[in-house]
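Before any comments, here is the structure.
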Amino acid sequence: MPAQIDSRSFPSSALRRYAWAFLAYSIAVILWGTIVRATGSGAGCGEHWPLCNGTVVQHDANVQTMIEFVHRITSGISLIGVVALVVWCYRGTVRGHLARRAAVAAVVFMVIEAVLGALLVVLGLTAQSTSPMRAPFLALHLTNTLLLIASMTLTAHLLGRKEGAVAGQVKLVAPWSTLMGVMVVLIVGVTGSLAALGDTLFPAATLSTALNQDFAVASNWLVRWRWTHPTVAMMAAVFLMWMLMRALRSEENNRLTYSILGMLALEYFLGVMNVALLAPVWMQVVHLLAADVLWVALVVLAARLTVVARASHA
């Protein structure tokens with residue numbers, strides 16, 4: 001029989017619901033951040049941080065200022081929410097529960113997220129800035145965002161486990177292969193963020209113009225590198241299919257695996273539509289939402305396949 005957590009120590013349903021609800025809220029904040037970038041509202045508060053245009057209360061603010069201001073408020077709430085999550089995890093779980101470690105990681109990534117966001121504003125790497133520093137900062141920001149979502153997903157997932165959630169009662173199965181697959185998905189996300197930045201800074205009037213820009217020597221490197229996103233995405237499918245085939249060996253993973261297959265197909269369809277429609281703001285948000293939901297599902301599946309309960313020989 002696999003080792004189980006004493007039922008009296010099983011995390012409360014309130015804590016489990018809060019973890020999932022906070023994850024959903026955080027994704028909503030991330031989507032709002034996409035609106036900030038896509039609408040060029042990142043400079044709506046000037047180069048001030050944490051104040052907006054040097055003040056707390058905004059008078060006669062324009063649309064861009066309000067978009068950026070709302071993003072800062074919701075991000076601040078996220079910081080409070082993740083601290084509450086880690087405190088609740090420590091109070092509501094037994095010693096050695098892996099959800100505690102995942103929650104601490106979420107706090108770390110949330111702080112890094114805030115620092116990177118502040119640097120983007122203070123260094124003027126927002127709105128229509130074409131500084132060579134913007135792309136690497138954005139790539140780092142997106143990588144940290146995905147790791148933040150992953151840590152919060154793991155926290156919520158582990159809180160819902162009745163077995164295989166306590167250190168010493170679990171073993172790792174093929175961790176390096178799974179890690180490689182996760183890294184490939186991270187690269188897909190980074191190339192997608194750079195492609196989206198190119199669409200924002202150098203919009204095209206027609207699809208043919210956009211395709212010509214991709215291969216024009218005179219185009220900015222962000223535009224000429226847009227092809228890397230769909231190319232890497234197709235390569236990532238190889239690793240994902242390996243993970244999904246491995247998951248299908250266990251009947252308990254069938255539902256999640258088939259759901260991921262559907263989400264993967266939807267994500268590729270949305271990617272094609274994003275290109276065909278010349279990346280309007282609403283399509284960028286929908287595309288990112290689908291990508292975030294897919295990422296959450298992949299993290300849960302990876303956790304199921306990699307972190308498993310040890311068999312008890314007692």
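Here are a few things to note about the model shown:
- Using the Cβ-Cβ distance between Val286 and Met234 with R0 = 25 Å, the FRET efficiency computed as 1/(1 + (r/R0)^6) comes to roughly 0.75.
- By the count of neighbouring beta-carbon atoms within 10 Å, fewest first, Leu159, Leu123 end up ordered Leu123, Leu159.
- Distance between the modelled labels on Ala276 and Ser129, one decimal in nanometres: 3.6 nm (7 Å Cα→Cβ projection).
- Once the chain from Leu266 to Trp227 is taken as fully extended at 0.36 nm per residue, the excess over their C-alpha distance is 12.1 nm.
- Unit charges at the beta carbon, dipole of the chain: most positive-side option, Ala61, Thr143, Thr178: Thr178
- Length added when fully stretched, Tyr25-Ala167, from 0.36 nm per residue minus Cα-Cα: 48.3 nm
- Shape category assigned to region 248-314 from the gyration tensor of Cα positions, a/c cut at 1.5: prolate
- Computed from the Cα positions only, the extents of the chain along the three principal axes stand at 69, 46, 26 Å, in decreasing order.
- Förster-model FRET efficiency, 45 Å R0, Ile80 and Ser208, C-beta, rounded to 0.05: 0.40
- Linear extension gain, His48 paired with Met241, 0.36 nm per residue minus alpha-carbon span: 64.9 nm
- Value at 222 nm in deg cm²/dmol, rounded to 500, when DSSP H runs of n ≥ 4 in the chain each add -39,500 (n - 2.57): -24000 deg cm²/dmol
- Whether region 58-187 is rounded, prolate or oblate, judged on the alpha carbon gyration tensor where a/c under 1.5 counts as rounded: oblate
- Cleavage-rule hits (trypsin sites (Lys or Arg not before Pro)) in region 14-120: DSSP loop, at most 12 neighbouring Cβ within 10 angstrom: Arg95
- Region 125-191: trypsin sites (Lys or Arg not before Pro) in DSSP coil with no more than 16 other Cβ atoms inside 10 Å: Lys162
- Kyte-Doolittle mean at least 1.6, axial Cα span of 18 Å or more - DSSP H helices of the chain: 98-122, 281-306
None of the figures in this text is laboratory data; all of them are computed from the coordinates on show. In this text the structure is predicted, and so the values were computed from the model without any measurement. Neighbour counts are summed over all protein chains in view; Cβ atoms, including those assigned to glycine, are modelled from backbone coordinates with ideal geometry.
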